[in-house]
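Here's the structure, in structure tokens; my notes come after.
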Amino acid sequence: MKKMLLALGLVVGLSACGGGNEAAPAPEEAAPEEAVPADEAVTEEPAGDFNAEAARATYETSCISCHGGNLEGAMGPKLAGSEHSPEHILGVIQNGQNTMPAIDIPAEEAENVAKWIAAQ
Ligand code: HEC
């Protein structure tokens with residue numbers, strides 16, 4: 001009886017080991033993606049070295065009147081979901097573009113809000 005249990009345990013142990021070796025990497029790779037909440041992943045996109053709160057404040061002071069409360073566009077175009085790089089957006093802020101005037105804000109704020117918009 002003892003031998004039977006031992007043999008059973010060995011078989012279970014072996015199969016767990018054999019299967020585990022191949023199955024293990026997949027759950028480990030999948031786990032981090034599932035563990036990160038969707039909206040947190042968005043704020044940590046590649047261009048993620050910005051201060052979202054400060055950017056929001058800058059946006060509300062300097063951009064919201066023309067681009068809408070949720071970057072959905074108003075008199076100016078929609079900014080959310082645009083493919084512009086932070087550099088391009090910074091250029092638009094500092095130099096203006098067609099009917100958009102240059103926005104006179106500190107470079108630091110302009111850079112921060114540009115990165116933030118690029119990530120929206
Ligand atoms: C006085 C209104 C006004 C304000 C204030 C304003 N914009 Fe604009 N913005 C516009 C208009 C109008 C355009 C479209 C320009 C064009 O026709 O090319 C534009 C275009 C842009 C574009 C280019 C979009 C594209 O798809 O080409 C970006 C980026 C942008 N604005 C960012 C900002 C940011 C950031 C701020 C605040 C720092 C801001 N704007 C403030 C009116 C404004």
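The values are calculated or read from the model by the stated rules, or taken from the named source; none is laboratory data. If you're wondering where the values come from, they're calculated on a predicted model, not measured in any experiment. Note that each Cβ is placed from the backbone with ideal geometry, even for glycine, and that neighbours are counted across all protein chains shown. These accessible areas exclude ligands, DNA and RNA; they are computed on the full protein's heavy atoms, side chains included. Shrake-Rupley method; radii C 1.70, N 1.55, O 1.52, S 1.80 Å.
For the stretch 52-118, the carbon plus sulfur part of the accessible surface works out to 51%, probe radius 1.4 Å.
Can you order the peptides 91-101, 105-115, 53-63 by their average number of other Cβ atoms within 10 Å per residue, highest first?
Working: 91-101: 13.7, 105-115: 18.8, 53-63: 16.2.
Result, highest mean first: 105-115, 53-63, 91-101.
Annotation: the stretch 52-118 has a Kirkwood hydrodynamic radius of 11.5 angstrom, from the mean reciprocal C-alpha pair distance.
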